[in-house]
């Protein structure tokens, strides 16, 4: 019997739902042409119709692997999709499909497949396996801060602080390169949690908090910070200004006075004069406090300032006019402090 006649017979059996006979006919053809992948696909299809799903999947996989060896990736993708129609929960097939999508440059489809697998592993507590998949997701789309943040969090949960920090810092760099800085605060918070002794990140985070008027967060950051971070002049300054904004006037006075004393001792006249201006702007009506500021000013060799009698009053404890205060220029602290450290 010719090959064409055998194939016609097999097709007739399929229409009659005589699947065992159809498979027998098709396999007899495969004995003559074992590398005929279209014929093998037909066998897999009949196995699926017969509901012999394990054999259907096995046969489909054999075909897909042959297509991959010949670099027919799109054909292999179509075959793997057929397998997932039979059983969507096959994690290894989802991963292979994701890899193939990546190979042909279909990154969105690749990431969708990887997301399915990562979600499965994470829901079953298989974090090591999930890490491997999430690394693939980041490789497929390095610009996605969402995927990179999830990878960093997973590393953090696994106690791999170094890898976690690396990905958080990359995410921060990516966000800084975007017009929108959405998500930057969250990334900086996570970096600072892992690396609390980092004045640069603490300062960047404090600035962002200030821009968003989240003054309590600046105060908490400062209070919990290591001495190295508290020693940064601008962080110290922002903490003082934050205290003013939440009516912690006494604490604000203490911090302004301490920073003013420090800058006088360093003979940093530009910054000390700026701080003196801020102190006058906020507190010159408090005779007792302002006289102490004058004392350290004169002791440092700076000219004294006398206030008219009609400007003197009782010490302030609350500033209801705070929002009307002229906006201060943080750069006057930042620029001077950074320039000096650079020269040193």
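Laboratory data are not the source of any read-out in this text; all were calculated from the coordinates shown. These figures come from a predicted structure and were not determined experimentally. Glycine gets a Cβ as well: all are built from the backbone with ideal geometry, and neighbour counts include every protein chain shown.
Please find, in a Gaussian network model of the chain (springs between Cα atoms separated by less than 10 Å), the residue of 148, 302, 134 whose mean-square fluctuation is greatest.
Looking only at 148, 302, 134, the largest GNM fluctuation is found for 302.
To the nearest 0.05, how large is the calculated FRET efficiency for residue 38 and residue 157 if R₀ is 56 Å and r is the Cβ-Cβ distance?
So the FRET efficiency works out to roughly 0.75.
Going by the alpha-carbon gyration tensor, a ≥ b ≥ c the square roots of its eigenvalues, is the range 1-86 rounded (a/c under 1.5) or, if a/c is not under 1.5, prolate (a/b greater than b/c) versus oblate?
Oblate, because a/c is 1.5 or more while a/b does not exceed b/c.
Given springs between every Cα pair under 10 Å in a Gaussian network model of the chain, which of 73, 188, 13 has the largest fluctuation?
Looking only at 73, 188, 13, the biggest GNM fluctuation is shown by 13.
What do you get for the angle between helix 161-176 and the principal long axis of the chain? Use alpha-carbon atoms, 0 to 90 degrees, nearest ten.
Result, in degrees: 80.
What is the angle, in °, between the Cα long axis of helix 19-32 and the longest principal axis of the Cα atoms in the chain? Nearest 10 is fine, range 0 to 90.
The angle comes out at about 90 degrees.
I'd like the distance separating the alpha-carbon centroids of the range 40-69 and the range 149-164, in whole Å.
One Cα centre to the other: 39 Å.
For a label point 7 angstrom out from the Cα of residue 180 toward its Cβ, which stretches of the range 128-155 have the backbone nitrogen within less than 15 Å?
From the range 128-155, the list is 144-147.
With an 8 Å Cα cut-off and a minimum separation of 6 or more residues, compute the relative contact order for the chain in percent.
The normalised contact order for the chain reaches 7 percent.
If one takes the longest principal axis of the Cα atoms in the chain, at what angle in degrees, from 0 to 90 and to the nearest 10, does the Cα axis of helix 73-86 lie?
That helix lies at roughly 90 degrees to the long axis.
With a Cα-only, solvent-free Debye model of the chain, what are the log10 I(q)/I(0) values at q = 0.06, 0.10 Å⁻¹?
-0.45, -0.76
Taking 8 Å as the Cα distance limit and 6 or more residues as the minimum spacing, I'd like the relative contact order of the range 1-86 as a percentage.
19 percent
Explain nothing, just the number: relative contact order of the range 155-302, from Cα pairs under 8 Å at least 6 residues apart, as a whole percent.
Averaging sequence separation for qualifying contacts and normalising by length gives 13 percent for the range 155-302.
With the cut-off at 1.5 for a/c, could you classify the range 141-236 from its C-alpha gyration tensor as rounded, prolate or oblate?
oblate
Where does each of 77-85, 231-239, 63-71 land if you order them by average Cβ count within 10 Å, highest first?
With the highest mean Cβ count within 10 Å placed first, the list reads 231-239, 77-85, 63-71.
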